[in-house]
Amino acid sequence: MVVKQSSFGDVTTGVTMEVIESPAKMQERAEALRLAGHTISLVPTMGFLHEGHLELMRVGKKHSDKLIISIFINPSQFAPNEDLGRYPRDTKGDLEKARKVGVDFIFYPSVQEMYPEGYQTNVRVKGITRHLCGISRPGHFEGVTTVVAKLFNITKPHMAVFGQKDFQQLTVISQMVIDLNMDIQIVGVPTVRDPDGLATSSRNKFLSREERISARSLKKSLDLADEMFRNGDRDARVIKKALESFILRHPHTEIDYVTLCDPVTLEDIQTLTDETLVALAVRVGTTRLIDNCVLHRDPDQIISEN
Ligand code: AMP
């Protein structure tokens, strides 16, 4: 479905949502908003909106008076063997959901407008992209940082909201913003889950009923890590092994990685400290899912040990 620049009114709220395809037009609008003294927040998405996306939007809306979301399936963050071709789309449903949340602008560009002929520039964050998904998805984060830098320049936000479900992405973007002196506040929102514990994701649509049951093992394994940590286990190798064997007990699962690492540097750790990131990427059937949690030592425990 092609959406030209258009407005969608909401009779109940009287609020109008504008859909803009052209980067130049979006930039013009954003500049006008800034000149008029508005604060702008941006929520970048690839569409097929779910409750996780909507939560990011609510946070953006709370902290600014104009909310822009982008819907763009960015080809440069997909490797040739990945699921770009089958990535789910639902323009009509997305517009309806965004309007209900009170989005002011949807930036909805074409690939051609974002990467016109002669395009030559990429943004690359080095160190922290070498870990976790950076290993199994080479080039992925370069695609992400490049498109997000472009989206920042086009929508001129004061604040941009990202999900902690993509923990490494949030870390990489925060690093880019620091390194390139971008004057944008990055906000991370806790992972939104379905009632069965599975983190909401556009890709969940691909799971069969049986696979969906197996996919619950991701969150359950994070809970297991938390339990082991609380029980005093500190050996990363032991916890990793326990999580791997727990996940693999579920049909159709194949582990890409189970990693225990420092939540700032993303370097692997051997012994758990006060804060440890547990990050997972698991293929369930043909669908690659990620999830994570940060294990925190209970502050009371630290005081009582000191
Ligand atoms: P995507 O459309 O998958 O690229 O995601 C767009 C944004 O939504 C990213 O900042 C994601 O981290 C965030 N997001 C995706 N799923 C969730 C979730 N279950 N909870 C919170 N944020 C999410």
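The values are calculated or read from the model by the stated rules, or taken from the named source; none is laboratory data. Remember, it's a predicted structure, so these values are computed and weren't measured experimentally. Every residue, glycine among them, receives a Cβ derived from its backbone with ideal geometry; neighbour counts consider all protein chains shown.
What the table below lists for this structure:
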| quantity | calculated |
| --- | --- |
| Inter-residue pairs, beta-carbon under 8 Å, first more than 29 Å from Gln164 (Cβ to Cβ) and in region 28-45, second away from the ligand (no atom under 16 Å from the Cβ), 6+ apart | Arg29/Glu18; Arg29/Ile20; Arg29/Phe105; Glu31/Lys156 |
| Residue match in region 174-186 (condition: within 9 Å of the ligand (Cβ to nearest atom) and surrounded by 17 or more Cβ atoms within 10 Å (Cβ to Cβ)) | no |
| Check on Thr145, out of contact with any Ser or Thr (no Cβ under 8 Å at 6 or more places or on another chain) and of a type in the set (Ser, Thr, Tyr) | yes |
| Criterion violated by Glu51 - all others in (1) at pLDDT 95 or above; (2) within 20 Å of Tyr115 (Cβ to Cβ) satisfied | (2) |
| Total residues in region 269-295, condition farther than 18 Å from Glu244 by Cβ and crowded, with 21+ Cβ neighbours inside 10 Å | 0 |
| Residue in region 202-210 that is away from the ligand (no atom under 16 Å from the Cβ), of a type in the set (Asp, Glu), in contact with a strand residue (DSSP E or B) (Cβ under 6 Å, 6 or more places away or on another chain) and assigned to a helix (DSSP H, G or I) present | no |
| Only one of Leu295, Leu266, Leu289, Leu280 that is of a type in the set (A, V, I, L, M), touching a residue at least 60 places away in the same chain (Cβ under 8 Å) and in a loop (DSSP other than H, G, I, E, B) | Leu266 |
